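Read through the structure below, which is laid out as structure tokens, and then see the notes.
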């Protein structure tokens with residue numbers, strides 16, 4: 001059976017049981033976000049949300065740090081900072097973020113796929129299977145990676161340049177033959193500018209020593225867990241550069257360039 005059909009079957013099973021969104025005995029939960037990707041695109045790199053505060057909203061997610069100092073990945077309630085050297089460091093609760101998205105990860109859908117699959121094929125398979133493209137999906141993938149290409153962003157200095165300029169000179173890293181975990185979200189198209197429409201995924205290796213924002217991969221022996229929710233909550237900064245940022249313009253092209 002093709003991976004598309006396996007995903008479709010997995011989603012349909014839970015739809016028929018009526019537990020796709022809120023399984024019996026599980027608490028309702030939400031995707032929580034601090035600020036917007038649009039503000040980050042405009043160079044708003046300092047926020048007032050601490051990681052201690054963020055942890056109260058979720059144990060799984062991704063984001064960045066004040067001054068755009070690397071990529072964040074949250075897995076199992078532990079927060080990691082992937083700095084410009086590509087290495088992972090623990091995050092103190094006092095650290096702050098200008099943008100992050102987290103959830104209390106509680107998956108209902110699981111697919112096990114032993115065969116090789118690449119990043120584009122994986123996205124296409126999930127896209128074909130999801131029962132609605134208008135709700136939110138948190139996705140965790142534990143797999144063996146024959147190849148993975150990631151990037152991270154270096155700490156910026158004021159005056160901050162727009163994110164699209166930072167992305168053009170960001171460090172990239174390629175790794176092969178290692179185990180690790182993908183942590184990410186699939187957001188609806190209508191959220192572009194609030195978040196990244198489609199997929200936004202970060203990587204952490206099994207040893208918790210390296211990772212980054214995912215650009216491409218080839219993986220196998222994958223265990224895919226998906227958490228589905230219709231609840232989304234966002235808090236934006238009440239002070240600082242966010243209040244004066246121009247967030248009205250269309251940022252589709254810039255977001256695509258910066259995130260891919």
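Just so you know, all these numbers are worked out from the coordinates, no wet-lab data involved. Computed from a predicted structure; not experimentally measured. Every residue, glycine among them, receives a Cβ derived from its backbone with ideal geometry; neighbour counts consider all protein chains shown.
Return one number: the angle in degrees, 0 to 90 and rounded to the nearest 10, between the long axis of the Cα atoms of helix 119-129 and the longest principal axis of the Cα atoms of the chain.
The angle comes out at about 60 degrees.
For the range 147-260, calculate the relative contact order in percent as a whole number, restricting contacts to Cα pairs under 8 Å that are 6 or more residues apart.
Once normalised by length, the contact order is 30 percent.
Provide the packing ranking of 99-106, 183-190, 171-178, i.e. peptides ordered by the mean count of other C-beta atoms within 10 Å per residue, highest first.
So the order, starting with the most tightly packed, is 99-106, 183-190, 171-178.
Quick one, what does Rg over Rh come out to for the range 1-87 if you take C-alpha atoms and the Kirkwood Rh?
1.11
Most mobile of 202, 147, 29 per a Gaussian network model of the chain (Cα springs, under 10 Å)?
147
Taking all pairs of different Cα atoms in the range 73-211, averaging 1/r and flipping that mean, what Kirkwood radius in angstroms comes out?
Roughly 16.7 Å, rounded to one decimal.
Please sort 156-164, 37-45 by packing, taking for each peptide the average over its residues of neighbouring beta carbons within 10 angstrom, highest first.
Order by mean packing, descending: 37-45, 156-164.
Of all the C-alpha pairs in the chain, what % are more than 33 Å from each other?
It works out to 15 percent of all Cα pairs.
Take the alpha-carbon positions of the range 85-134, form their convex hull, and give its projected area averaged over all directions (one quarter of the hull surface) in nm².
Hull-based average projected area comes out at 6.8 nm².
Please compute the contact order of the range 101-215 in relative form: average sequence separation of alpha-carbon pairs under 8 Å and at least six residues apart, divided by the residue count, as a percent.
Value for the range 101-215: 27 percent.
Where both residues lie in the chain, what percent of DSSP beta bridges are antiparallel, nearest 5?
Beta bridges within the chain, antiparallel portion: roughly 95 percent.
At a threshold of 8 angstrom on Cα-Cα distance, excluding pairs fewer than six apart, so keeping six or more, what relative contact order does the chain reach in percent?
Relative CO of the chain lands at 28 percent.
Quick one: P(r) of the range 140-259 from all Cα-Cα pairs, 5 Å bins, percents rounded to integers, in order of increasing distance.
Over the range 140-259, the share of Cα pairs per 5 Å bin runs 2, 9, 17, 18, 19, 17, 11, 5, 2, 0 percent.
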